[in-house]
Structure formats: C-alpha cells, structure tokens
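Quick notes on the structure that follows.
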Amino acid sequence: MKAIKYTGLAIFIAALSIFTATLFLGDFKASKSTINEFIETKGIKSELLKKELLTVISDTKFNNSIAFSSAIKTAINKSNSYYDALIEKYDSEKNWDKKGEQFQYKVSNVGGITYDLAKKSGKGFVVENRGLLWWLTFGMGIIGALLFILPNLILLGKPGIKNDHIYHNAATSRGWIAWGVMIYLVIFYLLLYFAPYYVVNWTFILDPISKALNGGPASQWFVYGFLYCVIMIVMGVRMYIKYRHNKYQIMRTTSVLFFQIVFAFLIPEIMTSLSMPGYDFKNAFPLDYDFFFEWNLKSLTSSGGIGLFILVWGIVLTLVVVPLMVYFFGKRWYCSWVCGCGGLAETLGDPYRQNSNKSLLAWKTERWIIHGVLALSLIMTLVTLYCYFSGADSFIGIKSQWIKDTYSFFIGAWFAGVIGTGFYPIFGNRTWCRFGCPLAAYLGLVQRFKSRFRITTNGGQCISCGNCSTYCEQGIDVRAYAQKGENIVRSSCVGCGICSAVCPRGVLKLENGPEEGRINPTEVLLGNDVDLIELAKQNRKAS
Amino acid sequence: MEHVVIIGNGISGITAARHIRKLSDKKITVVSTETDYFFSRTALMYVYMGHMKFEHTQPYENWFWKKNRIELKKGFVQHVDTTTSSLHFSDNSILNYDKLIIATGSKPNKFGWPGQDLNGAQGLYSKQDLDMLEKNAPNNKVCKRAVIVGGGLIGIEMAEMLLTRDIPVTFLVREDSFWNGVLPAGESDMINRHIREHHIDLRLGVNLKEIKDDGNGNVKSIVIAETGEEIECNVVGLTAGVSPNIDFLKESAIETGRGIKVNRFLETNIKNVYAIGDCAEQHEGIGQRRPIEAVWYTGRMMGEALARTICGTPTKYNPGHWFNSAKFLDIEYQTYGWVWAQPKDGETNFYWEHADGNKCININFNKNTNKFIGINTFGIRMRHEIFDRWLTQEQTVDHVLTHLKDANFDPEFYSQYEKEIVAKYNSENNKQLKVKSKSWKRIFA
C-alpha cells in the first residue's frame, strides 16, 4: 500500500513538473497578416507600435512565451514612453490640444494585449500536442494524486479521526514543504492575475475542452476554473476517505463539489456557448464584487430576459435568500456547503486547517479587517451605482474608476487569490474567508445577531484538550467556550463541523434550534450543585 | 491583602485561582514544578501522536496570567510549615501564605515490581513523562516493542499513542476482561474486541512479575507472573492507576490518609489549608462516589466550590449526578448516573449493541420501580443536560427510552438507533413503547 502511495506521489510530482515546464516550451511566431489583423481588431493607433510589431515581432520565431511576451511588452512600452514624452513636452509648452491628442496612441491594457497576441501566435510542440500534454499534466496529475490518496482507505485504519503526525510532517506543520508549496501557489496566482501571457501554453492544453464546452478557445480563467474543479474533486476524494465515519462531512463535501462543478463551472460555460452572459447563480454580492459594475449592468440589461432574470436574482439572493438561510441554518449553508472559495478551502485546504491563528490579537485584527472590506465594497458599489445612473465619474469625492481598480487589485486579486489561497500552507485554509470576504462579514453579522444556528456545548463534559481549537480553520478558540459550558455563537464560524468531529468526548454539536437559550452564559458548569438562589442573590449584590 | 497560595497548576488549582480572581481582589500565587503554564493533562497523548503541539494544550494565552494578576512561581515545595504558614522550596526559598490550597494531583502507581525504576519503565501522567516517552519511544527502531501494564484509561491511551509510531504493543491486564471493574461485561467485551482489531497484543488475566535489566540499567524484557513468559521490549508503560501526590506533606501537620483528608468544604484539619482535586480524600465518599476522585471534572468542580468558600461564601463540594467520558481508540464513551460492572440488588440492565459491534448502550434501572439509574453509551453521543434532568426528576427507564431522541447528541445526518433500541427493550420486557420524535420544547423545558 505504501509503495502505491509513493508511486502516486512520484507520478504527481512528475506531472506537476511537466505542467510547470510546458511554460518554457513551444514556439511563438506571428505572421504579418496576423499582426495586421490584430492591429485592426484591437484598434491600435500608434504608428510606432505598429511598426515595432511588424518589424520586430512578425515572422520572427520566439522559443517560448516568455521571450515572445517580453518582446511585445518592450514594443508597447517603447511606444508608450514615446507618447509620454510627447505629452510631457506639450504639457510644458501648454499646448493642450496637442497634448490631448496623444492619449489615444497609448496602450493601457498592456497585459491583455500581450496575452491576446500570444494566444494567437502559439506554434510548435505545445499547440501540436494538446492531447498528449493534457495526459502528461492533468491526466498524470489526477492519477498520481489518486494513487497517493486512495491507499489511505487501508493505511488510515478503521474509520475515525486520524490526525496522526500532522505536526510531525513538514507539509502540514509549516515545514520546508509547506513553504515550498506556498511559494509555488503564490507564483501561480501572480502569473494568473498579473502576467497571464506567461501561462498561455496552459490555455492551449485546455483549448479542446473549452471548445467542446463553450465553443471558444480557453482563456487563463478557463484554465483556472478547470483546475479548480479538478483539484476540488481529487481532494474531495481525500475528504471522503478521511471523514468516512462522519456523514455531516460527507454531505458537505458532496454539496461543495456539486455547486462548484455545476454552478460555478458548467452552467456559466454553457450559458456562454448559448451567447448568454456566463453567470454563477450562487455567487452572491458582495463576494461577487463586480456584479454592480457598469460593464456587468450593461451586459445584463442588453441580454434580454435572461439578463434581467440574473439582475433580479442577484439582488434577491443577497437581500433575501442569504439572510433568510443564515437565520435558519447559520452561515454554513453558504460558506461550507455552497461557496467556491469555501469549497476549495474545505478540500485542497483541509490539510492546512490547523495553521490558523487562535490568538485574541488575531481575532481583534480579523474583526477590523473583514468589516473594513465589507464597508469598502459597499462604498465602492454606492459610488459605482451613483455614477452609472447619473453619468458622473465620481461621487463624494471618490472616482468610480479608481475605487473599482483599487478594490479589484488589492481585494479581488491580492487578498482573495494570492494571499487567500497562496498562503494556505502557512496561515491556514480560510485566510480570505476569515479576514477578507465581505460576504462572510455580512453573513456573520446575521449569524451573530439573528440566527437559529449555534454549536451546543454538552454540559460539563469538556476536558480542555484543545483539539477543537487546534483544528478550527477560522481560528476560533472553541475550547474557551466549551470548557465554560457555553455554546459557541460566533460570527466567523462557517460550520465546517470539524471541531465536533475531532472532539474525543462528544462535547460539541452543530445545530439549529430556538433562538431562546442559544447564548447561555453559565455561571456554574453542570456537575456542581450549588445553591442557585444563594448564588443569584450574591450576584445581585455584586452588581 | 490576603495571599492565597495554590500548589499545583492543574485543572483544580487553576480553576480555583480563576474563580478566586473573579470573586475577589486577593493576591494569588500558583506554584508548580512541572510547567510554567497550565496545560490540559488529558491532551498530552495528542502531542506525542502529532495531533497538536504542546502549546495547543494550554487553554490560556501566556499573557492571561499577568492580566488577571495570578502570579506563577516555578519551584518544588519540599515542606509545608503550617505553624508559620510558610512553604519551603527545594532551592531554600520560602513563601508565606494566608490561605493554602493544595492541588498537587496524582502520581502513577508502582507496586514494587522488580526493575520498575529502570530506564524505559515509565508512567504517563506529567509533561516530564511525555518528554521521557518521546526519548524512550521515538520510533520502532529505538523501541522495538512496548509492554503496558495495567488495563485502565491511561493504559489504553498509551497503547494508542505507541501504535501511531508503528511500535508493537503488548497490553497486560490483570482482570479477565478490559476495565471490567467499571464496565459491565457487554461493554468490556466490545472494547476487548476493539483493542484486538487495532492489532494490540492484549493479554487478559495476567500480572507483571518483573522487569529485566539489559545490564546497563535499561529495560530488556518483562516476565509474566502466571505463565513465566518473557517478552522482550524497550519500554514498559506503568499504568496501573494513580495515587495522590502528597509525599512532600509527610513532615507536616496536615492529616493524610491515601490522600489529604478533607471535609465537604474541602478544608483539611489545619485552618486555612485546603485540598482539592486528585490529591484530596473525603472522609467519606459522597453518595456512591469514591473518597478520592481522580477525574478531570471533579477537580474542576472542587476548584469552583472552594473559590466561593475562600471568598466568603462557604460552599460545600456538592457534586451532582455522576458523569464521565473517555475514548477507547476509535470508540467514544459517555456515562451519566450509575451503571455498575454488576447490577446491585434490585437493579437490572438493559443492553443494546449495534450489529457493527462498535456502538452500544447499557441502561441500569430499578427492577421494581423502573426508575432510571444510569446509562453507558458507546459510539453514540448523548446530551448531558437531558440525562442530568432525568436523573434529578427520577424518571423511569420507559420515559428515558421514549424520549431518547431528545438526548441524542450525534452530529447532524448521523444514523439514529432509537427505534432499534426501543424495539429490543419492548421485546425483552413485553412492552409497547413508541419513540417520540425530538422536541426542542422538551429539551429547553
């Protein structure tokens, strides 16, 4: 069994290496006609850039996407700095008309333009061997990972909590493997968000699947979505095995897999293939922070009935469905049963849950940051909507474009992606959900103040062992409540149920019940029969 | 300002300190020789198994003590002089107290076995024991086999720990079935089977004769008294119970028996000296309880009660209905009320076991009145508050079984067995009970 496991690991590492190496393979060559067509469709007006593209790029063979993209970026930057100089010159001459004219020649979306040209210019090995490369990367990766995971069915022994050696293992206890994985993930996200042109080869590998699903070639976001689903399924298998004695975990894992694959991935792809706006029906504002951005509103309002339906559904989802469901079931219905971010955290992230910080300081920090992000997302939306309806470009002194760009960059890309997922191995699997997600903040407020959900503490049975706190991915010091006999009613609890699972004494139960008696400050723990009337008198005197 | 000194920073001493701080402004000093900060002794096993780091066993962050003005002193008390109200430490320092709380817990029993002090023979109680086990049994190359002597809760925990390092374990149990001084036959046998399913070499009805030396002061093997069989091993776990850790009081005027003699207010024979937790011995057992209760919960309850007494509200240690819990490898165990290994006069048991052999319940009740006396539950979690209430209300076994769903505390979506349980009860007792569905109204009544 162990031999199979380690063979699987070797296959997986080989697949990951090939996956990484593909970025350095393949040729890139754009013909004159491709370049001309590209200049036309992109509306490039800079003569300098046109010349650069036609002389330096066209009909030249580049050995990989890095060299190719660098050449394009150099050309664009050269052109941009030429016009910047002109702008500065006319500015100092106070020649405003001339200055104004120059802006149309500048290219602002350097990354996007570079990516699009690279996508059109791939040649050679990668493009010609998409199927083979799919098997060598995704195929072998899946097989290797499954071979690594499936033997646990026997190796872990009888069903039950098996957290042996988590703190002896360099992968799960912030050892060198964890740091290595973190660096890999961070680089992955940086490339995905900020330099997609370097990962264009990955999109070629998935072109056939993308075409089958939505009729178009794969973008970097298709790669991400596909990879996301694959990782969740494979790591979901790991969850099924690890928690096979625990039906709550089995159901929850099935639910997040279903919503990711069907709602987040398949439905939007199919909608796109039907020329509808691709929409993830479970992705609620303000996690879906660009729902009220002009481009989205324009796209929805011009898409007929379905667009209107999405618009209404999106608003109803946030204002009615979300709080109502939180009232009945707690925020877990979303965060650990439906959400995509939560789904990744509960599958890929499960091995890292113990790395969340449990200190009081972390809790204080968390409340400031997460509610800050919620406020920011609401201000941004307010500004955006005001500008959308009024036609102005700023509101209460805040420029609409600026705040959208700032939020998308810092919160959307850095916080949710690079830090949120990249730092799994070091800060635990819910960094984004705990510190950053504005929807989690909103759900948390409802859960804390108006909900039937709680984690019930079983009388006086707690022995303060600390398994619950250690394995709480949200960094809640569960034990602090349990050892006092208090129920756990916390805004940040996503109801993953692991505290209850790891408890050796049957102390914790997630449940939905009457609001009355949900919060139970207990003066004396169950077990010691004091004279309660005396105690009450004494308390009254003290207060 | 009155100075309360507490010897021992376990659950009893720390609970007392916390509650004294809640109720008063007294100066509080907690003395320990074991660790700087309070930790949960019951969690030591998880550190060895790699589920947690030692710091995770500490329920309070390190700033907690200063913030709550609880002074921590590391030192070993050699002598308590009650005439001058002073503690004398091994480093010759002296600490004066106005009130003294002794909460020094237990130490593992050693029954004078030959070789019991060899390297590799150890108990599992303190942080030092954990460190020693890490040294004695880091892996199955250094420790090729371990023998555990004594079939109680610590013994089975130690076996579970060693298994995680792939160390073969032989488990010597004096009784002819595991823990059958406490558990009825059905439960005890279920655990026997479970232990064997985990490939532990369980030997029932045997005693340790001696531990043999390898010539360098290390454990080489053990010999079984009954058979003379010699088993080679590198570690011997001595887990045949614990006894009060009170040797340092020998020279003092404080009355001791097996433990420190206390009355219901947890007062010793000396004014202003109290004892709580594992080291305290009631003059007479309370209700059906033993005079010495080495249990987590009782230590905590004594700490709560004594804090009130010390802060001006004399409060008896008045434990309510008995409850306890444990985990045997993968099987959780809870108990509420009294279920004896053998039913007492006028009592009888109702036993149900699931077909998978990993879940069972055993209810003890009065044969004539049907009064519910207690329940053992294995592999099914039950609600403490509900059973506590049923015991106070002196409900019948029929009431308990009819409303069993109210007491179920298993996670959501788990299979429930109440119908199956009641069907068995009905057929054995010729009754027609029907299980009622769970009612929040009743639970919160």
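Residue-by-condition table, conditions (1) within 16 Å of A:Gly111 (Cβ to Cβ); (2) in contact with a Phe, Trp or Tyr (Cβ under 7 Å, 6 or more places away or on another chain); (3) surrounded by fewer than 17 Cβ atoms within 10 Å (Cβ to Cβ); (4) at pLDDT 90 or above:
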{"site": "A:Ser70", "(1), (2), (3), (4)": "yes, no, yes, yes"}
{"site": "A:Tyr83", "(1), (2), (3), (4)": "no, yes, no, yes"}
{"site": "A:Tyr90", "(1), (2), (3), (4)": "no, no, no, yes"}
{"site": "A:Trp96", "(1), (2), (3), (4)": "no, no, yes, no"}
{"site": "A:Lys99", "(1), (2), (3), (4)": "no, yes, no, no"}
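Within the stretch B:1-42, which residues are assigned to a helix (DSSP H, G or I) and small (Gly, Ala, Ser)?
Pass one, the stretch B:1-42, residues assigned to a helix (DSSP H, G or I): B:11-23, B:41-42.
Answer for the stretch B:1-42, where residues must be assigned to a helix (DSSP H, G or I) and small (Gly, Ala, Ser): B:Ser12, B:Gly13, B:Ala16, B:Ala17.
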Practice task
Give just the number: which of (1) under 18 Å from the mean Cα position of the chain (by Cα); (2) over 23 Å from A:Gly460 (Cβ atoms); (3) within 11 Å of chain A (Cβ to nearest Cβ) does B:Asn245 not satisfy?
Solution key: (3)
Handout entry: the stretch B:97-122, residues that are over 23 Å from the mean Cα position of the chain (by Cα) and assigned to a strand (DSSP E or B)
Key = B:Lys99, B:Leu100, B:Asn119
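For A:Ile231, are the conditions met, namely being in contact (Cβ under 8 Å) with a residue 12 or more places away in the chain, touching a Phe, Trp or Tyr at 6+ places or on another chain (Cβ under 9 Å), within 30 Å of A:Gly112 (Cα to Cα) and away from chain B (no Cβ under 14 Å)? Even if it seems obvious, please write down each step before you answer.
Working: in contact (Cβ under 8 Å) with a residue 12 or more places away in the chain: yes; touching a Phe, Trp or Tyr at 6+ places or on another chain (Cβ under 9 Å): no; within 30 Å of A:Gly112 (Cα to Cα): yes; away from chain B (no Cβ under 14 Å): yes.
No.
Consider A:Leu385 carefully, then state whether it is surrounded by fewer than 18 Cβ atoms within 10 Å (Cβ to Cβ), in contact with a Phe, Trp or Tyr (Cβ under 8 Å, 6 or more places away or on another chain) and assigned to a helix (DSSP H, G or I). Break it down into steps so the answer makes sense when it comes.
Numbers: surrounded by fewer than 18 Cβ atoms within 10 Å (Cβ to Cβ): yes; in contact with a Phe, Trp or Tyr (Cβ under 8 Å, 6 or more places away or on another chain): yes; assigned to a helix (DSSP H, G or I): yes.
Considered against the rule, which asks whether it is surrounded by fewer than 18 Cβ atoms within 10 Å (Cβ to Cβ), in contact with a Phe, Trp or Tyr (Cβ under 8 Å, 6 or more places away or on another chain) and assigned to a helix (DSSP H, G or I), A:Leu385 comes out as yes.
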Practice task
Test each condition in (1) of a type in the set (Lys, Arg); (2) more than 14 Å from every other protein chain (Cβ to nearest Cβ); (3) surrounded by 16 or more Cβ atoms within 10 Å (Cβ to Cβ) for B:Arg41 and report the one that comes out false.
Solution key: (2)
Exercise for the section: Go through (1) surrounded by 15 or more Cβ atoms within 10 Å (Cβ to Cβ); (2) in contact with a helix residue (DSSP H, G or I) (Cβ under 7 Å, 6 or more places away or on another chain) one by one and return the number of the condition A:Asn296 breaks. Expected result: (2)
Practice task
Answer yes or no: is there a residue in the stretch A:6-21 that is without any contact (Cβ under 8 Å) to a residue 24 or more places away in the chain and not in a helix (DSSP H, G or I).
Solution key: no
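For B:Gln282, are the conditions met, namely being modelled with pLDDT under 95 and either touching a strand residue (DSSP E or B) at 6+ places or on another chain (Cβ under 8 Å) or farther than 19 Å from B:Thr315 by Cα (or both)?
Numbers: modelled with pLDDT under 95: no; either touching a strand residue (DSSP E or B) at 6+ places or on another chain (Cβ under 8 Å) or farther than 19 Å from B:Thr315 by Cα (or both): yes.
Judged against the criteria, B:Gln282 is not a match.
With respect to B:Phe387, is the statement that it is crowded, with 20+ Cβ neighbours inside 10 Å, closer than 21 Å to A:Asn487 by Cβ, more than 20 Å from the chain's Cα centre (by Cα) and not small (Gly, Ala, Ser) true?
So B:Phe387 passes the test.
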Exercise for the section: Check the stretch B:160-167 and report whether any residue there is farther than 19 Å from A:Ile166 by Cα and at pLDDT 95 or above. Expected result: no
Practice task
Mind listing just one residue for me: the one in the stretch B:424-445 that is hydrophobic (A, V, I, L, M, F, W, C) and surrounded by 14 or more Cβ atoms within 10 Å (Cβ to Cβ) and, of those, nearest to the other protein chains (Cβ to nearest Cβ)?
Solution key: B:Trp440
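Need a quick list: helices (runs of 4 or more DSSP H) entirely within the stretch A:394-511 having at least 1 residues that are within 27 Å of B:Gln334 (Cβ to Cβ) and touching a residue at least 12 places away in the same chain (Cβ under 8 Å). Please lay out each step first, then the result.
Values: elements: A:400-407, A:424-427, A:438-449, A:467-470, A:478-482, A:498-502.
The qualifying helices (runs of 4 or more DSSP H) are A:467-470, A:478-482, A:498-502.
So, A:Asn283, is that one under 15 Å from the mean Cα position of the chain (by Cα) and among the polar types (S, T, N, Q) or not? Break it down stepwise before answering.
Values: under 15 Å from the mean Cα position of the chain (by Cα): yes; among the polar types (S, T, N, Q): yes.
So A:Asn283 passes the test.
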Exercise for the section: Scan (1) within 17 Å of the chain's Cα centre (by Cα); (2) more than 14 Å from every other protein chain (Cβ to nearest Cβ) for the single condition B:Ile260 breaks and write down its number. Expected result: (1)
Practice task
Check whether at least one residue in the stretch B:54-61 is more than 10 Å from chain A (Cβ to nearest Cβ) and either under 21 Å from B:Trp296 (Cα atoms) or of a type in the set (A, V, I, L, M) (or both), and report yes or no.
Solution key: no
Practice task
Please work out if B:Glu255 is touching a strand residue (DSSP E or B) at 6+ places or on another chain (Cβ under 8 Å), of a type in the set (D, E, K, R) and at pLDDT below 95.
Solution key: no
Handout entry: Matching residues in the stretch B:296-312 - criterion: being more than 7 Å from chain A (Cβ to nearest Cβ) and small (Gly, Ala, Ser)
Key = B:Gly299, B:Gly303, B:Ala307, B:Gly312
Fill in the blank from the handout: In the stretch B:205-232, residues that are in contact with a Ser or Thr (Cβ under 6 Å, 6 or more places away or on another chain) and closer than 24 Å to B:Thr164 by Cβ total 2
Practice task
Those residues that are in contact with a strand residue (DSSP E or B) (Cβ under 9 Å, 6 or more places away or on another chain) and surrounded by fewer than 19 Cβ atoms within 10 Å (Cβ to Cβ), I need them from the stretch A:101-123; list them, please.
Solution key: A:Lys123
Practice task
Can you tell me which residue within the stretch A:142-196, out of those that are more than 14 Å from chain B (Cβ to nearest Cβ) and aromatic (Phe, Trp, Tyr), is surrounded by the fewest Cβ atoms within 10 Å (Cβ to Cβ)?
Solution key: A:Trp176
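Quick check: anything in the stretch A:206-222 in a helix (DSSP H, G or I), under 15 Å from the mean Cα position of the chain (by Cα), in contact (Cβ under 8 Å) with a residue 12 or more places away in the chain and more than 17 Å from A:Tyr424 (Cα to Cα)? Break it down stepwise before answering.
Taking the stretch A:206-222 as the starting set, the residues that turn out to be in a helix (DSSP H, G or I) are A:206-214, A:220-222.
If we keep only those that are under 15 Å from the mean Cα position of the chain (by Cα) too, we end up with A:220-222.
This time we only want the ones that are in contact (Cβ under 8 Å) with a residue 12 or more places away in the chain, so: A:220, A:222.
From the residues that got through so far, the ones that are more than 17 Å from A:Tyr424 (Cα to Cα) too are A:220, A:222.
Yes.
May I ask you to list the residues in the stretch B:302-326 that are within 30 Å of B:Gly379 (Cβ to Cβ) and either surrounded by fewer than 21 Cβ atoms within 10 Å (Cβ to Cβ) or in contact (Cβ under 8 Å) with a residue 40 or more places away in the chain (or both)? Show your work before the answer.
At the first step, the residues of the stretch B:302-326 found to be within 30 Å of B:Gly379 (Cβ to Cβ) are B:319-326.
Answer for the stretch B:302-326, where residues must be within 30 Å of B:Gly379 (Cβ to Cβ) and either surrounded by fewer than 21 Cβ atoms within 10 Å (Cβ to Cβ) or in contact (Cβ under 8 Å) with a residue 40 or more places away in the chain (or both): B:Pro319, B:Gly320, B:His321, B:Trp322, B:Phe323, B:Asn324, B:Ala326.
Within the stretch A:128-141, is there a residue that is surrounded by fewer than 18 Cβ atoms within 10 Å (Cβ to Cβ) and over 33 Å from the mean Cα position of the chain (by Cα)? It would help to see each step written out before you state the result.
Kept after step one, since they are surrounded by fewer than 18 Cβ atoms within 10 Å (Cβ to Cβ), are these residues of the stretch A:128-141: A:128-132, A:134-135, A:139.
Right, trim to over 33 Å from the mean Cα position of the chain (by Cα) and you get none.
Scanning the stretch A:128-141, I find no residue that is surrounded by fewer than 18 Cβ atoms within 10 Å (Cβ to Cβ) and over 33 Å from the mean Cα position of the chain (by Cα), so the answer is no.
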Exercise for the section: Could you figure out which of (1) at negative phi; (2) part of a loop (DSSP other than H, G, I, E, B) isn't true of B:Tyr351? Expected result: (2)
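If you take the residues in the stretch A:197-225 that are surrounded by fewer than 16 Cβ atoms within 10 Å (Cβ to Cβ) and hydrophobic (A, V, I, L, M, F, W, C), which one is farthest from A:Asn109 (Cα to Cα)? Walk me through how you get there before you give the answer.
Of the stretch A:197-225, the ones surrounded by fewer than 16 Cβ atoms within 10 Å (Cβ to Cβ) are A:208, A:211-212, A:215-217, A:221.
Narrowing the set further to residues that are hydrophobic (A, V, I, L, M, F, W, C) leaves A:212, A:221.
Details: A:Ala212: 29, A:Trp221: 17 Å.
Checked the stretch A:197-225; the qualifying residue farthest from A:Asn109 (Cα to Cα) is A:Ala212.
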Exercise for the section: Mind counting the residues in the stretch A:301-330 that are outside any helix (DSSP H, G or I) and over 17 Å from A:Tyr279 (Cβ atoms)? Expected result: 1
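The values are calculated or read from the model by the stated rules, or taken from the named source; none is laboratory data. Predicted, not measured: the structure shown is a model, and the values here were computed from it. FYI the Cβ positions are ideal-geometry reconstructions off the backbone, even for glycines, and counts take in every protein chain you see.
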